[in-house]
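**Q** Here it is, the structure in full.
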Amino acid sequence: MSLEHSGGENADSDLYRIRHSLAHVMAQAVLDMRPGSTLGFGPPIADGFYYDFVLSEALNEDDFPEIERRMRRILKQGQRFYREELGADEALARIDEMGEPYKREYAQELLSREDLDGLSFYRNGSFLDMCEGPHVDTTRDIPRDAFKLRSVAGAYWRGDSDNVMMTRIYAWAFDTREALDAHVTAFELAQERDHKKLGRELDIFHLDELVGRGLPLWLPNGAVLREELEKLAKELEFRAGYERVATPHLARADLYRKSGHLPYYADDMFPMMELREAGDDGEAVKEAYVLRPMNCPHHHSIFAARPRSYRELPLRLAEYGHVYRFEESGAVSGLLRVRGMCMNDAHIYCTEEQIRSEFKGVMQMYAEAYAAFGLSDYRVRLSRWDPEDGKRREKYVDNPEAWEYCEGIVAEVLDDMEVDYVDGPGEAAFYGPKIDILCRTVTGREEQLGTVQLDFAQPGRLGLVYVGADGAEHTPYCIHRAPLSTHERMAAFLIEHFGGAFPTWLAPVQVRVITVSDQFDEYGHAVVDRLRRRFVRAEIAARSDTVSKKIREGTTRKIPNLLIIGEREQADGTVTLRRYGIRRQQTLPLDEFEAWIAEQIASRALP
RNA sequence: GCCGGAAUAGCUCAGUUGGCAGAGCACCGCAUUCGUAAUGCGGUUGUCCGGAGUUCGAGUCUCCGUUCCGGCACCA
C-alpha cells in the first residue's frame, strides 16, 4: 500500500494506525456487501482515509449506514491484525489466490523497482491485504464513534485516466469522538463560506444555463469587486513601470499557429470560427479566427510591431485581458474554473541580465497585493519540467540546457528573497519554469492563484528581437505574470477568505444609512449625497421597516458600515456608526466619519 | 471527459401507492413612524430543467439530453 499519503501524521502515530486500520475494516465491510469486488489503494489521509474499489455492483451514499454498521460490528469483534512476510514468488502466488489484479500489478512493480525480497500482508478476520502497515493490534483499539463515511467518488487507478475508473469511498477518522465532531462542525461551518453560496446570497455573480457553462454573469456587486481589484493592480503596475495596452479577444488562427499553441492546444480552445467563400470546387475556408486562450501572442505582436532597442527594455506590457478556454465539462466549477475569464496579465520583455531583478519585482508585487487582502495562508511552488515523465515530455520545449539554466535563475531568486517554497517537478509551462502561488479553498482543495513564468522559448519562435548595444539583434526573454490571477478565481478566493464580509475598500456597498423613522430620511439622503460625492459607495435603507429589521438586513448582507440616524444625529449633525462584527457603536460628527471612511478606503484598511 | 448523486417559486425546501402544485423567507400592497438582528394584515409569484415514451391521467415511472454538486483526470 502506498505510504505517499502520510496525512500529516507520522506513520508510527496511533492516529495513523487507526486510520490505516479503519481502511482495512471498511474494505472488509464493502467486500462482504459486494462480493467479487477488487481492491485498489486505501491510504490514510489528512482527516481520515479512503479506499478504492472496482465494485461488482455500484454503491452510493444511501449505503453508508449499512457499511458503517458492519464496520462497527467488526470493531466490536476485536479482530487481531496479523502480519505475514512472504518471498517474492510466494507473495505473487498469494495475490493470485486473492484474485486481486491491481494489487498484483503494484506488487510486481514494487518487486522490480525496489529490490525487495518479499512483501508483507496483513490479515484481520476474513480480510487479507497486501500492505506495509503499521496497524493497530486488534480492531478493539479503534474507537467506534470517531469515524464517519463522507462521500463516494470516482478515481482512476493510480491516478491515470488511461486506467480503469474505481469507486473511492472517503471517510473522516479521528482518535476521539470529540475530535471527529469538531472536525465535522468546522467542515460544515466552512461550507457557509463557499463562494458559490455567498456569490448567490450576496448577489455577486449569476450562472445561467442559457448563457453557457463556465460563463459567469457579474452582477453589480461583483462588478465592484472586479473594479477594485483592477484599481489595485493598476496602481501596483503603474508604480512598477508597466505600460497598459488593450487587445482584442480573438485573433486569426494563423497567429496561434505561428506561436505554436494551435497544434498542441486546439482541444482546449473553443472551436475555430471559419469564414467560408464559394469557389469553383465548392466552399473554401477564406479566413479562420480563434477566441484567444491566452494574451501572449497579442502582446508579442505589440513588441514586434516596430524595431526595438535594448534601451526600451525591460518593456512591461500590462492588460486585464479576457481569455476563453474550453475547460472540460467536469472541471468547470463556480468562479474557480470557468471558460471565459479576465486575467491580470502582463508580459515583461527583458535582457538576460534583467531577468533576476524583474522576477524579484514581480515577487514583491505579489507580497504587496496579498498583504492588502490579509492573505497569508498560501504556498509558493517552483514549477519545473520533468524530463523523466515520458507521457508528458512532449508537452515541454525540448531544450535541456535552457531548462536547467532558467530553473537555476528562478530558484536563485527565491533563495535570494528567502522565500520558502515547495518543489513542483512536472508543473512547468511548456515554454519555461514558473513560480506559482497556491491557496486552499474552504473545502480544502489547493488551487493556483498567481503565477510568474520565465519564457525562454516563445520570443525566439515568434522571431522577437531587439537591437543590442553591439548593434546586433538579440532575442529577449519574456516573463509572463498574473499575480492577481483572473478576476474569477481571485474573487472566488476573496469571497471565501473574507466569508463575504469584505473590508470597506472592497465592499460592494460601503455604507448603508438606516433612519430611525422616515422623518429623518431627508438628513439620511444628505449624508448619502455627501459620501457619494467623495466616491464612497453609500446608500439608504429607505423602507418603513423597524430599525431592528434594517440592522438585521444590513448585517446579513455583511455591509461593513451601518449608520444609524435619528433625532439626536439630525440635531447634532452626527452619525452613529455600527461596524460589521462589532457590537459597540459610536456616535461621531459627520465630518469626522467622512474623513475616517476616506482614510479606510485609501489605505485599504482590513477589518 | 470519467464515476456517483441531484434538479419543484428569486432563495431554502415539502409534495404519500401516479389523481386539483405547497410552506417559510424574499417580493408587492395597506396599516404602522418605530433607537439596535425578523411589526401586523393581505396579495403576487411556477416551462415542476428540456424532449420523447408508458398511462384514462405523470412533478412522481422509463429513455435521451442539459445543467449543477462531490470526486478523479486535466488546467498552455
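**Q** Consider A:Thr587 carefully, then state whether it is modelled with pLDDT of 95 or more, surrounded by fewer than 18 Cβ atoms within 10 Å (Cβ to Cβ) and over 40 Å from the mean Cα position of the chain (by Cα).
**A** On the way: modelled with pLDDT of 95 or more: yes; surrounded by fewer than 18 Cβ atoms within 10 Å (Cβ to Cβ): yes; over 40 Å from the mean Cα position of the chain (by Cα): yes.
So A:Thr587 fits the description; yes.
**Q** Restricting the search to the stretch A:319-334, which residues are hydroxyl-bearing (Ser, Thr, Tyr), open to solvent by less than 50 Å² (accessible area, probe 1.4 Å) and either near RNA strand B (Cβ under 7 Å from one of its atoms) or assigned to a loop (DSSP other than H, G, I, E, B) (or both)? Walk me through how you get there before you give the answer.
**A** At the first step, the residues of the stretch A:319-334 found to be hydroxyl-bearing (Ser, Thr, Tyr) are A:320, A:324, A:329, A:333.
Among the residues that remain, those that are also open to solvent by less than 50 Å² (accessible area, probe 1.4 Å) are: A:320, A:324, A:333.
The answer is A:Ser333, and nothing else.
**Q** Continuing with this model, one more query. Any idea which of (1) of a type outside the set (A, V, I, L, M); (2) without any contact (Cβ under 8 Å) to a residue 24 or more places away in the chain; (3) within 13 Å of RNA strand B (Cβ to nearest atom); (4) over 30 Å from A:Leu375 (Cβ atoms) is the one A:Asp591 doesn't satisfy?
**A** (3)
**Q** Got a sec? Which helices (runs of 4 or more DSSP H) wholly within the stretch A:217-309 have at least 2 residues that are out of contact with any Pro (no Cβ under 7 Å at 6 or more places or on another chain) and either closer than 30 Å to A:Tyr370 by Cα or hydroxyl-bearing (Ser, Thr, Tyr) (or both)? Walk me through how you get there before you give the answer.
**A** Working: elements: A:220-239, A:253-258, A:261-265, A:296-303.
In the stretch A:217-309, A:220-239, A:296-303 are the helices (runs of 4 or more DSSP H) which contain 2 or more residues that are out of contact with any Pro (no Cβ under 7 Å at 6 or more places or on another chain) and either closer than 30 Å to A:Tyr370 by Cα or hydroxyl-bearing (Ser, Thr, Tyr) (or both).
**Q** Go through (1) surrounded by fewer than 24 Cβ atoms within 10 Å (Cβ to Cβ); (2) within 12 Å of RNA strand B (Cβ to nearest atom); (3) hydroxyl-bearing (Ser, Thr, Tyr) and name the single condition A:Thr475 misses.
**A** Just one mismatch for A:Thr475, condition (2).
**Q** Among the listed residues A:Ala288, A:Ala284, A:Ala371, A:Ala304, which satisfies the condition of being free of Cβ contacts under 8 Å to residues at least 12 places away in the same chain and over 27 Å from the mean Cα position of the chain (by Cα)?
**A** On the way: A:Ala288 fails: free of Cβ contacts under 8 Å to residues at least 12 places away in the same chain; A:Ala371 fails: over 27 Å from the mean Cα position of the chain (by Cα); A:Ala304 fails: free of Cβ contacts under 8 Å to residues at least 12 places away in the same chain.
Being free of Cβ contacts under 8 Å to residues at least 12 places away in the same chain and over 27 Å from the mean Cα position of the chain (by Cα) holds for just one of A:Ala288, A:Ala284, A:Ala371, A:Ala304, which is A:Ala284.
**Q** Can I ask one more? Out of curiosity, is A:Val419 over 24 Å from A:His299 (Cα atoms), open to solvent by less than 10 Å² (accessible area, probe 1.4 Å), over 20 Å from the mean Cα position of the chain (by Cα) and not basic (Lys, Arg)? Don't jump to the end; show me each part of the working.
**A** On the way: over 24 Å from A:His299 (Cα atoms): yes; open to solvent by less than 10 Å² (accessible area, probe 1.4 Å): no; over 20 Å from the mean Cα position of the chain (by Cα): yes; not basic (Lys, Arg): yes.
It is false that A:Val419 is over 24 Å from A:His299 (Cα atoms), open to solvent by less than 10 Å² (accessible area, probe 1.4 Å), over 20 Å from the mean Cα position of the chain (by Cα) and not basic (Lys, Arg).
**Q** Taking the conditions exactly as written (without any contact (Cβ under 8 Å) to a residue 60 or more places away in the chain, within 16 Å of RNA strand B (Cβ to nearest atom) and not in a loop (DSSP other than H, G, I, E, B)), does A:Gly408 satisfy them or not? Spell out the reasoning first.
**A** Numbers: without any contact (Cβ under 8 Å) to a residue 60 or more places away in the chain: yes; within 16 Å of RNA strand B (Cβ to nearest atom): no; not in a loop (DSSP other than H, G, I, E, B): yes.
The answer is no for A:Gly408.
**Q** In the list A:Thr486, A:Thr546, which residue meets the criterion of being within 12 Å of RNA strand B (Cβ to nearest atom) and open to solvent by less than 40 Å² (accessible area, probe 1.4 Å)? Steps first, answer last, please.
**A** On the way: A:Thr546 fails: open to solvent by less than 40 Å² (accessible area, probe 1.4 Å).
On inspection, the qualifying residue turns out to be A:Thr486.
**Q** Let me ask you something else. Can you give me the ranges of the helices (runs of 4 or more DSSP H) entirely in the stretch A:1-111 with at least 1 residues that are closer than 13 Å to A:Ala171 by Cα and touching a helix residue (DSSP H, G or I) at 6+ places or on another chain (Cβ under 9 Å)?
**A** On the way: elements: A:14-33, A:64-77, A:88-98.
Passing ranges, in order: A:14-33, A:64-77.
**Q** Among the listed residues A:Val380, A:Val290, identify the single one that is surrounded by fewer than 21 Cβ atoms within 10 Å (Cβ to Cβ) and touching a Phe, Trp or Tyr at 6+ places or on another chain (Cβ under 8 Å).
**A** Working: A:Val290 fails: surrounded by fewer than 21 Cβ atoms within 10 Å (Cβ to Cβ).
Checking each option against the conditions leaves just A:Val380.
**Q** Taking A:Arg578, is it more than 8 Å from RNA strand B (Cβ to nearest atom), open to solvent by 40 Å² or more (accessible area, probe 1.4 Å) and modelled with pLDDT of 95 or more? Step through it out loud before you land on a result.
**A** On the way: more than 8 Å from RNA strand B (Cβ to nearest atom): no; open to solvent by 40 Å² or more (accessible area, probe 1.4 Å): yes; modelled with pLDDT of 95 or more: yes.
So A:Arg578 does not fit the description; no.
**Q** So A:Arg83 fits all but one of (1) closer than 28 Å to A:Leu15 by Cα; (2) more than 16 Å from RNA strand B (Cβ to nearest atom); (3) open to solvent by less than 20 Å² (accessible area, probe 1.4 Å); what number is the exception?
**A** (3)
**Q** Residue by residue through the stretch A:145-162, note down the ones that are more than 9 Å from RNA strand B (Cβ to nearest atom) and part of a loop (DSSP other than H, G, I, E, B).
**A** Narrowing the stretch A:145-162 to residues more than 9 Å from RNA strand B (Cβ to nearest atom): A:145-149.
Answer for the stretch A:145-162, where residues must be more than 9 Å from RNA strand B (Cβ to nearest atom) and part of a loop (DSSP other than H, G, I, E, B): A:Asp145, A:Ala146.
Each row is one residue, and each column tells you yes or no for (1) touching a Lys or Arg at 6+ places or on another chain (Cβ under 6 Å); (2) of a type outside the set (Lys, Arg); (3) open to solvent by 20 Å² or more (accessible area, probe 1.4 Å).
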{"position": "A:Gly408", "(1), (2), (3)": "no, yes, yes"}
{"position": "A:Leu414", "(1), (2), (3)": "no, yes, no"}
{"position": "A:Ile435", "(1), (2), (3)": "no, yes, no"}
{"position": "A:Leu438", "(1), (2), (3)": "yes, yes, no"}
{"position": "A:Thr443", "(1), (2), (3)": "no, yes, yes"}
{"position": "A:Gly450", "(1), (2), (3)": "no, yes, no"}
{"position": "A:Phe456", "(1), (2), (3)": "no, yes, yes"}
{"position": "A:His497", "(1), (2), (3)": "no, yes, yes"}
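**Q** Take the stretch A:457-497 and flag every residue that is without any contact (Cβ under 8 Å) to a residue 12 or more places away in the chain and not in a strand (DSSP E or B).
**A** First pass over the stretch A:457-497, keeping only residues without any contact (Cβ under 8 Å) to a residue 12 or more places away in the chain: A:470-473.
Hits for the stretch A:457-497 are A:Asp470, A:Gly471, A:Ala472.
**Q** Also, quick follow-up: Looking at the stretch A:175-213 only, could you name the residues that are in contact with an Asp or Glu (Cβ under 6 Å, 6 or more places away or on another chain) and not in a helix (DSSP H, G or I)?
**A** A:Arg193
The values are calculated or read from the model by the stated rules, or taken from the named source; none is laboratory data. Bear in mind that the values here come from a model prediction, so they are computed numbers and not experimental data. We place every Cβ from the backbone using ideal geometry, glycine too, and count neighbours over all the protein chains shown. These accessible areas exclude ligands, DNA and RNA; they are computed on the full protein's heavy atoms, side chains included. Shrake-Rupley method; radii C 1.70, N 1.55, O 1.52, S 1.80 Å.
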